[in-house]
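Take a look at the structure set out below.
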Amino acid sequence: MVKADDFLFRGLDKMGNTTNAVGSNVTAVNVNQLPGLNTLVVIEGSLLVGFVTSNTDNKLFTKRLEKGDVFVFPEGLIHFQQNVGNSYAVAIAALSSQNPGVITIADAVFGSNPDISDDILAKAFQIDKKLIDEIKSKF
């Protein structure tokens, strides 16, 4: 069974063994360790990260990351990251596109131009149209 640890690599904050003929070490994090291309590397702080698989499973995979950890977000899946530490968090994202862009789901759904019909959103979220209007007013 697939689990969140399958998308995690720990150790980029650890110094490698450089007592060799060339005096260097490479810590490889590639498809041999992580079969995905969209990765997040934590440089400082602590992040809670996760993603949700596609319909119909909609399974949530989540992990707390610390400095030096790497996590894979499978391409095209909804994902998140949240600072859960007591200070700033810094991370580097490596994506599989030269210009991947960002889509913030709430902005795209409730702040689209032109608006997505209240009827469509009310049915999709199974809530009252008044609540849809209230949510849209924030975007």
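Every number in this text was worked out from the coordinates using simple rules, so none of it is lab data. Remember, it's a predicted structure, so these values are computed and weren't measured experimentally. As a convention, Cβ positions derive from the backbone with ideal geometry for all residues, glycine included, and neighbour counts pool all protein chains shown.
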Loop-resident trypsin sites (Lys or Arg not before Pro) in segment 53-92 with no more than 14 other Cβ atoms inside 10 Å, DSSP not H/G/I/E/B, are Lys59
Straight-line reach check, Lys67, cutoff 17 Å on alpha carbons, 8 or more apart in-chain or any other chain, hits among aspartates and glutamates -> Asp5, Asp13, Glu44
Classified through the alpha carbon gyration tensor (a ≥ b ≥ c as square roots of its eigenvalues; rounded if a/c is under 1.5, else prolate when a/b is larger than b/c, else oblate), segment 37-92 comes out prolate
Connecting every pair of Cα atoms under 10 Å apart in the chain and solving the GNM, the largest mean-square fluctuation among Ser46, Ser24, Ser87 falls on Ser24
For Lys138, counting only aspartates and glutamates whose alpha-carbon sits under 17 Å away and dropping same-chain residues fewer than eight positions off, the answer is Asp107, Asp115, Asp118, Asp128
Computed on Cα atoms, the radius of gyration and Dmax of the chain in angstrom are 19.4, 70
Computed for the chain: size of charge dipole around the Cα centre, +1 on C-beta of each Lys and Arg, -1 on C-beta of each Asp and Glu, debye to nearest 20, value 300
Under the helix-only model (-39500 (n - 2.57) for each DSSP H run of 4 or more, divided by the residues of the chain), the mean residue ellipticity at 222 nm, to 500 deg cm²/dmol, is -4000 deg cm²/dmol
